[in-house]
Structures are given as C-alpha cells and as structure tokens.
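Heads up, the thing below is written out as structure tokens.
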Amino acid sequence: MLEVSGLWTKAGGPVSLNVRPGEIVALRGPSGSGKSLILRAIADLDATEGSVLLNGIPRDRIPAPEWRKKVALVPAESGWWADRVGDHFADPDAARPLITSLGLDADALEWEVNRLSTGERQRLAIARALVHDPQVWLLDEPTAALDGNAARSTENVIREGCGRGAAILMVTHDPAQADRFATRSLFLADGRLSEMSAVQ
Amino acid sequence: MSGYLALSYWDLVLASGFLILNAVLSLWLQLGLARQMLVAAVRMVVQLLAVGLVLKAVFAAGSALVTFSLAVVMILFAGREIWARQERRMRGAWGPGLGAAAMTVAGTLVVLIALTQQIGADPWWSPRYALPLFGMILGNTMTGVSLGLDTLTASLWRDAAAVEARLLLGATKWEAVRPFTRRAMRSGMTPIINSMAATGVISLPGMMTGQIFAGVDPTEAVKYQLLIMFLIGGATALGVVLAIVGGIWRLTDERHRLRLDRLAPPTGPA
C-alpha cells in the first residue's frame, strides 16, 4: 500500500520501506536518528527527495491536502489552534466513539485545550487524525505519555485499525511494545534503515 | 492664506527651553533619559531643517524628475524602516523587498488617484502637494505593513505546530494559516482604526491644525483632513493585505507545506 524509496531527509538517507495493508511496522532507532523526519517526509510536511507511492500512485499526482487525509500523521507533539477541544474536529459527533475507545470521557470534546494533560492531548490528537479512517497511519510515539490503561486502549485502537486494513508505521522507543504487536520492526541508524527479525 | 503668522528663530529657542527643563529634571531625578532626549532633539532639529531646505529647493525646481527622485528616496527609507522593525525576517531579497513592495504599490496607487482625481493641482505631480501627501501616506502604510508582517512571521513561527496540525488534517495552506492571517491583519490595521476613532475628539490632526493656523476656514481644513484619513486608511489596508498575502505565499509552498526554513534566524527588535 505505502511504498517509499530513495527518501532523503535532513538526517540522511536513502531510506526505502514498504507497509502493506493490515500491517503494523515499528520504526525504532536512537534519539535524533531522524525517525520523526521520515514520518514528516512521508506526510509531505517537509520538502524532501525521493519517491512515495500510495497504492501505486505517486504522491505528486495527489494534491497535498488529499494526500494527508489518506496518509495521516500524528506527531509526537500535537498542535492546537482553538480554545475548545471540539473545535479541532471537523465532525465532533463522529469522533465520540473513537474518543471513548481511547479511554477518554465522551464529553472531552467540551474540554478546554489549556487544561488537558499531556496524555489527554496525545489521545485527542490521535482521535482527531484517525476519525475519518485514513489508509495509512503514521504514528510518532503514540503511547509515550500514556499510563498503563491509556496505553492499552490506544494499542487496541491501533490494532483495530490494522484489522480494518490500514497500513500503520509507528515510531516507538519501547522494544516490548514493538514485540507485542508490530508485524515487523525497522531500525534506523546513521540515516539508514535495516530490518530487524520479528522475534528477538 | 490671510493671517499667517511667521515664527522667528528666537521663538523656537524660547520653546526649546521646555525641553531643556525636561533634561534638567531627568538629570536631577537620575532617570538616565537626558542623553537620549538630547540626541533625539538634535536629530529632530537637523532633520527638519534639512527637509525644509530640500523641500524649498524641490518646490523651486518644479521638476518632475526631481520630485519623483525624492519620492523614491522616501520609499527607500521607509522600506528600510519596515525591514528594521522585523523580528523574524525572511531570507534573501524577500526580507527587505516584500514590505517595501507592498507599501510602495499601495501608497503610490492611492496617491496617484488622489493627485489626479481629487486634489487636481497643476501639474498633477506638483511637489507642494505630491510630496507631503506621499509622506503622510507612506508613513502610515509603513507602520501598518511592518506591524502586520512582524505579527505574521512571529505567530507562524511560534504556532508552527498548530498550523501543521491543520495541514495534517487536510487543510489547504490558506485554511491552515487563517487564524494567523486574521491576527496579522488586525495588528496592521489597529493603529489607523484607533486614530480614525480618536481623531477630532481626542486629537486634532497635525495637517488640519496646520491649515487652520495658516488661516484656512476650519470646515475646509476638515475636508482636507478627511480626504487624507480616507487615503491613509485605504493605502494601509491595501498595503497590509498585500504584505500578508505575499508573506503567506512565501512561507508556504505549492505542496501546502509551512516553509519556516525561509525565515532567517531571529534578530532582536531593532
């Protein structure tokens, strides 16, 4: 589904990777190795060299806003532009079930952004990006700020997305998480990717 | 122009006594303002005396070339001033160029229309009308453009995560920057809106006061002042819009990305 080849970011390259539908690929590597930059590059948020295809269609043939609806990135640090959580959702009602399955109260939409905890922010940013079921999910440390229960709910949401056929590329620092539910793991060092064996 | 009372240089020396009193007060209270005040006062005296002489010479020359050259010099100074007031400047020619271009297009357009359609001096570029008018409009447009651009670049920089969050949800670049566009426009337009609202009640504008001093009937002076305020308002709005649209265009690209790499590293406010 997602095919990346010869991708260069500021941290180096070339990087090539594929993510098939229904697959969860963990992206690992030391801090500062450029994992987040790879996700940003795939979402077309930075100008980069290389070819990125979705279902065989080159990215340049798809207008950027359309591309980002199909290939959704949830950055590690989420951005907010309005005071109320609900104002960040195109269709707040559609998001309620997803917000509940992420372990949050359904009236989280009425909350003020300034009073959210880091973990609440992270899960609401995930809900905001995934509510319209994108084909590719690019998740940057989706459970980093979450406690046990919240992390499990979030992992379940990711598994369900994978069950519905999404292609998921996820940056994680947690080898246990990668082993727990990633189909396979890629390791980034010195700007180069290498495949890790599925079972360590 | 009956009843015009000329000032002697002695009158000015007496008036400057108030400023000297201020400086003495500052020394006495150790406010540390005396030096700054003195430098500013000397600058003001030299600049105004010089501009008086220059204008006298230009009026006497009555040449279109000289008039236009002086207008160009004014644009260069104002453009530099806009550039100097930016905390986050754009790289390359866009840095000094964008603000100056927006101000020049807006100011020139409005002044040309006013000179040819409303004031109707003969010739239309007559320096006695053209240069003071251009100066007033350029000065106000400059303030609006520099505030608007500064707000735009500063808030795009500070709120880059929010802009990118909207882009990631499938917004176009224009949708993504809309709250920041609005903020920048408001900041550029606020001074002129405030001064329109205060004019006549809290302050009597300088030009109107000047005409009244020169013996013009107050209602006639008011008409001129209104004309000027409309021109300033129009030129400022146009200049601010041009600068902000140009700024957004430069700081985003055709793939709807935010291109903050096109900003130079921050400078302290000049």
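Of the residues examined, residue B:72 is one that is loosely packed, with under 12 Cβ neighbours inside 10 Å and in the same structural domain as residue B:156 (by TED's automatic domain parsing). Could you go through region B:33-48 and let me know if any residue there is within 23 Å of residue B:127 (Cα to Cα), in contact (Cβ under 8 Å) with a residue 24 or more places away in the chain, surrounded by 12 or more Cβ atoms within 10 Å (Cβ to Cβ) and within 27 Å of the chain's Cα centre (by Cα). Checked region B:33-48: no residue is within 23 Å of residue B:127 (Cα to Cα), in contact (Cβ under 8 Å) with a residue 24 or more places away in the chain, surrounded by 12 or more Cβ atoms within 10 Å (Cβ to Cβ) and within 27 Å of the chain's Cα centre (by Cα).
The set of residues in region A:20-46 that are in contact with a helix residue (DSSP H, G or I) (Cβ under 7 Å, 6 or more places away or on another chain), of a type in the set (A, V, I, L, M) and either closer than 19 Å to residue A:174 by Cβ or touching a residue at least 60 places away in the same chain (Cβ under 8 Å) (or both) comprises A:24, A:26, A:27, A:43.
As a summary of the residue check, residue B:239 satisfies the conditions (1) farther than 30 Å from residue B:129 by Cα; (2) crowded, with 20+ Cβ neighbours inside 10 Å except for the one numbered (1).
The helices (runs of 4 or more DSSP H) found entirely in region A:110-200 that carry 1 or more residues being within 16 Å of residue A:79 (Cα to Cα) and away from every other protein chain (no Cβ under 14 Å) are A:118-130. Considering only residues in region A:25-60 that are of a type in the set (Asp, Glu) and not in a loop (DSSP other than H, G, I, E, B), the one that is nearest to the other protein chains (Cβ to nearest Cβ) turns out to be A:60. Quick one: would you say residue B:157 is of a type outside the set (A, V, I, L, M) and touching a Leu at 6+ places or on another chain (Cβ under 9 Å)? Yes, satisfied.
For residue B:72, indicate whether it is β-branched (Val, Ile, Thr) and farther than 30 Å from residue B:151 by Cβ. It is false that residue B:72 is β-branched (Val, Ile, Thr) and farther than 30 Å from residue B:151 by Cβ. For the condition closer than 18 Å to residue B:231 by Cα, charged (D, E, K, R) and surrounded by 13 or more Cβ atoms within 10 Å (Cβ to Cβ), residue B:128 qualifies.
Exactly one residue out of B:112, B:149 is out of contact with any helix residue (DSSP H, G or I) (no Cβ under 9 Å at 6 or more places or on another chain) and either in contact (Cβ under 8 Å) with a residue 12 or more places away in the chain or surrounded by 14 or more Cβ atoms within 10 Å (Cβ to Cβ) (or both): that is B:112. For region A:96-112, filtering for residues that are surrounded by fewer than 18 Cβ atoms within 10 Å (Cβ to Cβ) and aliphatic (A, V, I, L, M) leaves 1. Scan region B:164-178 for residues that are more than 7 Å from chain A (Cβ to nearest Cβ) and buried (at least 22 other Cβ atoms within 10 Å of the Cβ) and the total you get is 3.
Select from region A:50-72 the residues that are charged (D, E, K, R) and either under 15 Å from residue A:133 (Cβ atoms) or within 16 Å of the chain's Cα centre (by Cα) (or both) and list them in ascending order. A:66, A:68, A:69, A:70, listed by residue number. Could you list all residues from region A:73-95 that are surrounded by 14 or more Cβ atoms within 10 Å (Cβ to Cβ), more than 7 Å from every other protein chain (Cβ to nearest Cβ) and within 14 Å of residue A:133 (Cα to Cα)? Answer for region A:73-95, where residues must be surrounded by 14 or more Cβ atoms within 10 Å (Cβ to Cβ), more than 7 Å from every other protein chain (Cβ to nearest Cβ) and within 14 Å of residue A:133 (Cα to Cα): A:74, A:89, A:95. The set of residues in region A:61-103 being within 21 Å of residue B:157 (Cα to Cα) and part of a loop (DSSP other than H, G, I, E, B) consists of A:75, A:76, A:77, A:78, A:79, A:80, A:81, A:82, A:83. Can you say whether residue B:225 is over 20 Å from the mean Cα position of the chain (by Cα) and polar (S, T, N, Q), as far as the supplied structure shows? It is false that residue B:225 is over 20 Å from the mean Cα position of the chain (by Cα) and polar (S, T, N, Q). When B:212, B:244, B:232, B:193 are screened for being buried (at least 19 other Cβ atoms within 10 Å of the Cβ), among the aliphatic types (A, V, I, L, M) and more than 16 Å from residue B:177 (Cα to Cα), only B:232 passes. Set side by side, the residues A:134, A:175 differ, and just one is touching a residue at least 24 places away in the same chain (Cβ under 8 Å) and surrounded by fewer than 19 Cβ atoms within 10 Å (Cβ to Cβ), which is A:175. Out of B:214, B:243, one residue alone is touching a residue at least 24 places away in the same chain (Cβ under 8 Å), away from chain A (no Cβ under 14 Å) and farther than 26 Å from residue B:93 by Cβ. It is B:214.
Scanning region A:1-28 for residues that are touching a strand residue (DSSP E or B) at 6+ places or on another chain (Cβ under 7 Å), buried (at least 21 other Cβ atoms within 10 Å of the Cβ) and not aliphatic (A, V, I, L, M) returns a single hit, A:28. Of the residues B:152, B:138, the single one that is of a type in the set (A, V, I, L, M, F, W, C), under 27 Å from residue B:195 (Cβ atoms) and either at the interface with another protein chain (Cβ under 7 Å from one of its Cβ atoms) or touching a Phe, Trp or Tyr at 6+ places or on another chain (Cβ under 7 Å) (or both) is B:152. Scanning region B:247-270 for residues being buried (at least 20 other Cβ atoms within 10 Å of the Cβ) and within 14 Å of chain A (Cβ to nearest Cβ) gives a total of 5.
The values are calculated or read from the model by the stated rules, or taken from the named source; none is laboratory data. This one's a predicted model, so the numbers in the text were calculated from it and none came from an experiment. Note that each Cβ is placed from the backbone with ideal geometry, even for glycine, and that neighbours are counted across all protein chains shown.
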